[in-house]
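Below: the structure, in structure tokens.
The values are calculated or read from the model by the stated rules, or taken from the named source; none is laboratory data. Small disclaimer: the values here were computed from a predicted structure and weren't measured. Don't worry about glycine lacking a Cβ; one is built from the backbone with ideal geometry, like all the others, and counts go over all protein chains shown. Each accessible area value is taken on the protein alone, full model and side chains, heavy atoms only, with ligands, DNA and RNA left out. Shrake-Rupley method; radii C 1.70, N 1.55, O 1.52, S 1.80 Å.
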Amino acid sequence: MNQIQHVAIIMDGNGRWGLKHKNSRNLGHKAGLSTVEKILKETIKNKIKFLTLFAFSTENWKRPQKEIVYLFNLLEEFLLKKIEDLNKNQIKLKIIGNKKKISTKLKKILQNSEKITKKNKRLQINLALNYGSKDELLNTFLILKKKNIKITLENIRKNLYTHNIPDPDILIRTGNTKRLSNFMLWQLAYSELYFEKKLWPDFTVKDYNRIIKSFKRIKRNFGNI
Ligand code: FPP
């Protein structure tokens, strides 16, 4: 049976869910956050060590300002309310992505959350924020060039945002869309991909466990036979 170290999730479908229920995309994001909390608990139960959540992409800035502000406020409130709880539960928070465009206020909250939880070992949540895979790769190549480091697979890996994190075993994308949307293109090279029809707020612990169970039975060859 395959062991699972790392699950990555593209939490798609919040907007459509919100529009369907109360004609408000933002309501969908709020509901999406409840799903995040449920999946978090189940990840711990399954003894999985890394969970990466795609919360905001480098392309999401194209959305209406009202939605962007709502999303960042939601994250801010969540962290202020829950960081102590996360810490008590031995959860480490790590931000992956470019923090440059994030507001000073949120940046401080993020830095503080990372600092408080940095020694925790039970589960690491990687929150992908202003994250884009092409941006990450470009950033990596620029670091290598600047430091005059030889371009090798290992040196590229060592300079990604995810340098000390194993590659995802499983990628889940909800929302009935089969694409990667510039998410972890390097790291997903050998991951098992699960595209779910349900919108993220409707995704359940039962759905999550079905995927985990199915993954455990797959024969992974990594190019071998
Ligand atoms: C994609 O759905 C979802 C996002 C861009 C944001 C994800 C955010 C959350 C789940 C809530 C906040 C999370 C944390 C961790 C605080 P979409 O809006 O693209 O949906 P659509 O495809 O139906 O438009």
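Under the simplified labelling scheme, the Lys146-Ile218 pair shows an inter-label distance of 3.6 nm, with each label point 7 Å from Cα along Cα→Cβ. Solvent-accessible surface of the chain, taken per residue with a 1.4 Å probe and all protein chains present: 57 Å². The charge dipole of the chain, taken about its Cα centre with unit charges on the Cβ atoms of Lys, Arg (+1), Asp and Glu (-1) only, comes to about 280 debye.
Only four residue types carry charge here, +1 at the Cβ of Lys and Arg and -1 at the Cβ of Asp and Glu. Report the dipole size of region 1-118 about the Cα centre in Debye, rounded to the nearest 20. Could the numbers behind the result be given before it?
Values: 26 positive and 10 negative charges, 42 e Å.
With only Lys, Arg, Asp and Glu charged at Cβ, the dipole is about 200 debye.
Among the GluC sites (Glu not before Pro) in region 1-74, those placed in a DSSP loop whose Cβ has at most 14 other Cβ atoms within 10 Å are Glu59. For region 128-173, the Cβ-based charge dipole about the Cα centre amounts to some 300 debye (Lys, Arg positive; Asp, Glu negative; other atoms uncharged). Using the Karplus relation 6.51 cos²θ - 1.76 cosθ + 1.60 with θ = phi - 60°, the per-residue 3J(HN,Hα) values for region 47-52 come to 6, 8, 8, 9, 10, 10 Hz, with x marking Gly and Pro. Taking a ≥ b ≥ c as the square roots of the Cα gyration tensor eigenvalues, the chain comes out rounded, since a/c falls below 1.5. Here the 3J(HN,Hα) profile of region 191-200, calculated from phi with Karplus coefficients 6.51, -1.76 and 1.60 at θ = phi - 60°, is 6, 8, 9, 10, 9, 9, 5, 4, 6, 3 Hz, Gly and Pro shown as x. Potential lengthening of the chain between Asn89 and Gln5 amounts to 28.4 nm, from the contour at 0.36 nm per residue minus the alpha-carbon distance.
Between the C-alpha center of region 11-47 and that of region 156-225 there is a gap of 18 Å. Once you place label points 7 Å from the Cα toward the Cβ at Ser24 and Glu114, how far apart are they in nm? Going by the 7 Å Cα→Cβ label model, 3.3 nm. Shown is the FRET efficiency for Val205 and Asn182, computed with R0 = 25 Å from the Cβ-Cβ distance and rounded to the nearest 0.05: 0.35.
At most 16 other Cβ atoms within 10 Å and a DSSP loop assignment: could you name the chymotrypsin sites (Phe, Trp or Tyr not before Pro) in region 151-188 that fit?
Values: sites: Tyr161, Phe183, Trp186; in loops: Tyr161, Phe183, Trp186.
Sites meeting the loop and neighbour criteria: Trp186.
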